[in-house]
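Below you'll find the structure, written out as structure tokens, and then a few comments.
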Amino acid sequence: TVNADVARTPWNNDTRLLRIGLRGYDVARSERPAANLVFLVDVSGSMWSRDKLPLAKCAMAMMAEQLRPDDRISIVTYAGTTQTVLSGSHDKKDVIAALSKLESGGSTAGAAGIQLAYDAARKNMIDGGINRILLATDGDFNVGTTNREQLIEMVEREREAGISLTTLGFGTGNYNEAMMEQIADKGNGNYAYIDSPMEAWRALVDEMSSTLFTIATDVKMQVEFNPAYVSEYRLIGYENRALDEEDFDNDAVDAGEIGAGHSVTAIYEVTPVGSPAVKNDPLRYQSETPARGASEELGFLRLRYKAPGEAVSQLIETPIPVDATEANVDARFSVAIAGFGQLLQGSDYLGEWSWDDAIEIAAGAKGADSFGYRAEAVKLMRLAQSLSAE
């Protein structure tokens, strides 16, 4: 499903926020395909601290507890050398026992570890099933630029062979988030940063279906704004996800994946025609006449995606209404998080809008937050506020 709503911008009364929500359908645990998973674990010396290898072992043990008898689990480790600790086991007790014995020590040879993990995935390949590597690490593999390019090429090649790659980040210090996210993107997987058992539960248990089972690949979203109503717009965030306009219809261009039950939110700040918030001079040749039949449309949303295993994308199109609505709980919380992200970046768009403003909106939009994720987000906002004051 795709939906869109428009509401007033909390940090600028003269602009509006367009929120676009995308959600994948749910798949019951009993209905998902069998999984061939390879736990690729960094056991180098830098992983010794409690928030690294011990937490990674805990996270993967949590996931192992949820697996079915027809799933296959392998464990590959890397430090100064690489090792296959377990290959294609159906017994969760064996998996948890093998994880408990892992210890840290030595240097990092991440690229060699990934190669061995792909070997293990191919050995236990399940036709028509989920074939995925889950990489748990705190660093950037200690590889140079040339090797990094070769690593990405390998990940892309194995992706085409049906083996995806998810990255799980732990700890701080030498952590390279950009590298972790890039590898996951190229591997048709997802990326998560895990700093607590609660976050491990969310990523690997509560959202296990979206982590493992991809329902749509190369998902692209394009918004065309109606110049009769919109003078300017900006997408908040997603700087590393932008595509050129001509890439939208090009099925050969790689894009993001959507897992079962996965949701994605994009927020645009738009400046209405005639608003005092307009910053740029009007374009000479841009028409301000609405398209035929589009007099009440703020814009037009197009979504492309491929069903798993398909090479040709499908297209969904829907108009975006002009009228602003009263933002619901989910919309308000999304806006609070978007504002929080901009506060962290020191954005010039927020004016006098403050940490207190973001916290007030988020705290009032926690809703039925049974796992406490929104409550935890509010705590993080307060922590950021105190650090900012210092």
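The values are calculated or read from the model by the stated rules, or taken from the named source; none is laboratory data. Bear in mind that the values here come from a model prediction, so they are computed numbers and not experimental data. Positions of Cβ are generated from backbone atoms using ideal geometry, with glycine treated the same way; all protein chains shown enter the neighbour counts. Please note that ligands, DNA and RNA were not included when accessible areas were found on the heavy atoms of the full protein model with its side chains. Shrake-Rupley method; radii C 1.70, N 1.55, O 1.52, S 1.80 Å.
Descriptive notes on the structure:
- The set of residues in the range 167-195 being open to solvent by less than 10 Å² (accessible area, probe 1.4 Å), of a type in the set (G, A, S) and more than 26 Å from V253 (Cβ to Cβ) consists of G169, G171.
- In the set V219, V223, V230, only one residue is surrounded by 17 or more Cβ atoms within 10 Å (Cβ to Cβ), of a type in the set (V, I, T), under 20 Å from N3 (Cβ atoms) and over 24 Å from the mean Cα position of the chain (by Cα); that residue is V230.
- Residue satisfying all of: in the range 339-355; without any contact (Cβ under 8 Å) to a residue 60 or more places away in the chain and either touching a helix residue (DSSP H, G or I) at 6+ places or on another chain (Cβ under 7 Å) or of a type in the set (S, T, Y) (or both); surrounded by the fewest Cβ atoms within 10 Å (Cβ to Cβ) among these: L344
- Residues in the range 167-189 that are within 22 Å of W48 (Cα to Cα) and of a type outside the set (A, V, I, L, M, F, W, C): T167, G169, G171, T172, G173, N174, Y175, N176, E177.
- Test: E199 is within 24 Å of A255 (Cα to Cα) and either in contact with a helix residue (DSSP H, G or I) (Cβ under 6 Å, 6 or more places away or on another chain) or of a type outside the set (G, A, S) (or both): no
- Any hit, the range 157-175, residues being at pLDDT 90 or above and acidic (D, E): yes
- Filter result for D206 (at pLDDT below 90 and buried (at least 21 other Cβ atoms within 10 Å of the Cβ)): no
- Filter result (open to solvent by 40 Å² or more (accessible area, probe 1.4 Å) and within 22 Å of the chain's Cα centre (by Cα)) within the range 324-338: V329, D330, R332, I337
- Within the range 1-74, strands (runs of 3 or more DSSP E) holding 2 or more residues that are open to solvent by 40 Å² or more (accessible area, probe 1.4 Å) and at pLDDT 90 or above: 12-23
- Qualifying residues in the range 233-252 (those that are outside any helix (DSSP H, G or I) and not hydrophobic (A, V, I, L, M, F, W, C)) - the one surrounded by the fewest Cβ atoms within 10 Å (Cβ to Cβ): D244
- Just one of the listed residues (L315, L301) is outside any loop (DSSP other than H, G, I, E, B), modelled with pLDDT of 90 or more, open to solvent by less than 70 Å² (accessible area, probe 1.4 Å) and among the hydrophobic types (A, V, I, L, M, F, W, C), and it is L301.
- Unique match (being in contact with a strand residue (DSSP E or B) (Cβ under 8 Å, 6 or more places away or on another chain), of a type outside the set (D, E, K, R) and part of a helix (DSSP H, G or I)) among T211, T265, T271, T217: T211
- Scanning the range 121-136 for any residue that is closer than 23 Å to E177 by Cβ and not in a strand (DSSP E or B) turns up nothing.
The rows are residues; the columns are (1) open to solvent by less than 90 Å² (accessible area, probe 1.4 Å); (2) of a type outside the set (A, V, I, L, M, F, W, C).
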site: D357; (1), (2): yes, yes
site: E360; (1), (2): no, yes
site: A365; (1), (2): yes, no
site: Y373; (1), (2): yes, yes
site: K379; (1), (2): no, yes
site: S386; (1), (2): yes, yes
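- Residue within the range 20-35 that is more than 27 Å from the chain's Cα centre (by Cα) and either of a type in the set (D, E) or closer than 18 Å to A136 by Cβ (or both) present: no
- Failed item, numbered, when D356 is tested on (1) closer than 26 Å to I215 by Cβ; (2) more than 24 Å from the chain's Cα centre (by Cα); (3) assigned to a helix (DSSP H, G or I): (1)
- I114 meets each of the listed conditions (1) more than 11 Å from L37 (Cα to Cα); (2) of a type in the set (A, V, I, L, M, F, W, C); (3) open to solvent by less than 10 Å² (accessible area, probe 1.4 Å); (4) over 24 Å from the mean Cα position of the chain (by Cα) apart from (4).
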